[in-house]
Amino acid sequence: MSASLAETDSWVDVPPGSPFPLHNLPLGVGRRTDGTVGAFVAIGDQALDLAEAAGTGFLDDSPAEYGLLDAGGTLNGFAAAGRSAHRALRRRLMELFTDRTREAQLSPLLVPIDELTMVLPIAVGDYVDFYSSLHHATNLGRLFRPDGEALMPNWRHIPIGYHGRSGTIVPDGADIPRPHGLRLVAGGPQYGASNALDIELEVGFVVGAPSDRGYPVAVADADDHLFGVCLINDWSARDIQAYEYQPLGPFLGKSFATSMSPWIVTLDALEPYRVEPVEQDPPVANYLHATGATGFDLYLEVLVQSETMRASGSEPIVIARTGFADIYWTAAQQLAHMTVNGASLRAGDLFASGTVSGPIPGSEGSLIEQSWRGERPIPLPDGTTRSFLLDGDRITIRGWAGSDPGSRIGLGSVTGTITPGHLTTTEH
Ligand code: MN
């Protein structure tokens, strides 16, 4: 159905270049100016309150839960309902937004998006962060282990990942207090503020239908367990990370904050933008072997605005542009790998791609790569340079599917601002 509809078939006025055209219909949770919270679907620069739409009978051929938030104000219950439910809601919303006889009834239920404060759409259960960009893993290997092989011998055989901290996943706009901890200073561990605060540009995948413990999800069935896609900034303190990461991997250098974009773009909206993934060499184990267009043709950008730029009215600048189509390990492989040992999935689990970097300068998804740990500082319009983030710096990650500006599916954006952070009371 969606392929036969044009944007102009909708009675909702969608501005040209909007990230949320008729064929997107991402879902999110927003707080209105009166303080009430609702589940919304975005179209153009407006959002429809799904509970109000359901309450007035417009979703009457869909299960009642379509319009309803969980008691906790999240979309977890709807995510758990699985892809057939997600698809049915999408189909129904497309009918409503293209049926001009509905305009008079439904348009009063539309709210300007800029009147909503978006909150986390999901109560995130388990959070896993992967390390699946070949270019990123190669760059980090060279930086952290200059005398060894850039890639560990297992890297091309399994999607490397670690369990992160779901309790510090924060919504769009949240401040990021600078973390403190032990870093190596003059050869010894010393407590203090991180001097190497960094970003990681990542794509997040939200789990929908759960799976049973003891039963691995086959790579070919992975999509049945996915609700949708978002953007992730995996803030990272490189100095804390460098001291702690061996032998068990990232811990406090990563767990202080992870920003998540507010709108979940469903898998069905991204179907036209599926691509064949890169060829894997050597061949992977059978349980990771997938066929067909299992990748996503996404485009991603990092923007920076320092406090000085903000004060002088200077717009954020793009410091990195990269693509997701050549990620080495796909979301389907990551999901199959996460469950191959029998670990179960819950609706609202989140896993992220790992930093997305490309092969050329300006396509790195972290500052440590782009500045090569300070050797090539990044110039800003205020006359300063950055190797790592300073207090007051504001980072925005944005992304979309498709290379044609006329028919993009936007992932929206996620922003966070660095604040000075706090010492432990024993260190005052
Ligand atoms: Mn990461």
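Does the stretch 70-89 hold any residues that are surrounded by fewer than 20 Cβ atoms within 10 Å (Cβ to Cβ) and more than 10 Å from GLY208 (Cβ to Cβ), and which are they?
Of everything in the stretch 70-89, those that are surrounded by fewer than 20 Cβ atoms within 10 Å (Cβ to Cβ) and more than 10 Å from GLY208 (Cβ to Cβ) turn out to be ASP70, ALA71, GLY72, GLY73, GLY77, SER84, ARG87, ALA88.
Which of the residues that make up the stretch 354-409 are in contact with a Leu (Cβ under 9 Å, 6 or more places away or on another chain), surrounded by 18 or more Cβ atoms within 10 Å (Cβ to Cβ) and hydroxyl-bearing (Ser, Thr, Tyr)?
THR355, SER357, SER366, SER387, THR396
Name the residues in the stretch 273-291 that are exposed (fewer than 11 other Cβ atoms within 10 Å of the Cβ) and assigned to a loop (DSSP other than H, G, I, E, B), would you?
GLU279, ASP281, PRO282, THR291
What is the one condition in (1) charged (D, E, K, R); (2) under 24 Å from ALA325 (Cβ atoms); (3) open to solvent by 10 Å² or more (accessible area, probe 1.4 Å) that GLU244 does not satisfy?
Answer for GLU244: the failing condition is (2).
Here's a check for you: in the stretch 316-353, which residue that is hydrophobic (A, V, I, L, M, F, W, C) and open to solvent by 30 Å² or more (accessible area, probe 1.4 Å) is nearest to the chain's Cα centre (by Cα)?
Applying the first criterion (hydrophobic (A, V, I, L, M, F, W, C)) to the stretch 316-353 yields 317-320, 324-325, 327, 329, 331-332, 335-336, 338, 340, 343, 345, 347, 350-352.
Then drop every residue that is not open to solvent by 30 Å² or more (accessible area, probe 1.4 Å), which leaves 317-318, 325, 338, 340, 343.
Numbers: ILE317: 20, VAL318: 18, ALA325: 15, MET338: 18, VAL340: 24, ALA343: 23 Å.
By that ranking, first place goes to ALA325.
Can you pull out the residues in the stretch 26-60 that are free of Cβ contacts under 8 Å to residues at least 40 places away in the same chain and over 22 Å from MET260 (Cα atoms)?
Correct list: ASP34, ALA51, ALA54, GLY55, GLY57, LEU59, ASP60.
Which strands (runs of 3 or more DSSP E) sit wholly inside the stretch 113-186 and have at least 3 residues that are open to solvent by less than 50 Å² (accessible area, probe 1.4 Å) and within 16 Å of the ligand (Cβ to nearest atom)?
Counting at least 3 such residues, we get 127-130.
Here's the yes/no breakdown for (1) in a loop (DSSP other than H, G, I, E, B); (2) at pLDDT 95 or above; (3) within 15 Å of the ligand (Cβ to nearest atom); (4) farther than 25 Å from ALA174 by Cβ:
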| position | (1), (2), (3), (4) |
| --- | --- |
| ASP224 | no, yes, no, yes |
| CYS230 | no, yes, yes, no |
| GLN241 | no, yes, yes, no |
| SER255 | yes, yes, yes, no |
| GLU271 | no, yes, no, yes |
| ALA293 | yes, yes, no, yes |
| THR308 | no, yes, no, no |
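The values are calculated or read from the model by the stated rules, or taken from the named source; none is laboratory data. Keep in mind that what you see is a predicted model, and the values were worked out from it rather than measured. With ideal geometry, Cβ positions are generated from the backbone for all residues, glycine too; neighbour counts draw on all protein chains shown. Remember, those area values only see protein heavy atoms, side chains included, never the ligands or the DNA or RNA. Shrake-Rupley method; radii C 1.70, N 1.55, O 1.52, S 1.80 Å.
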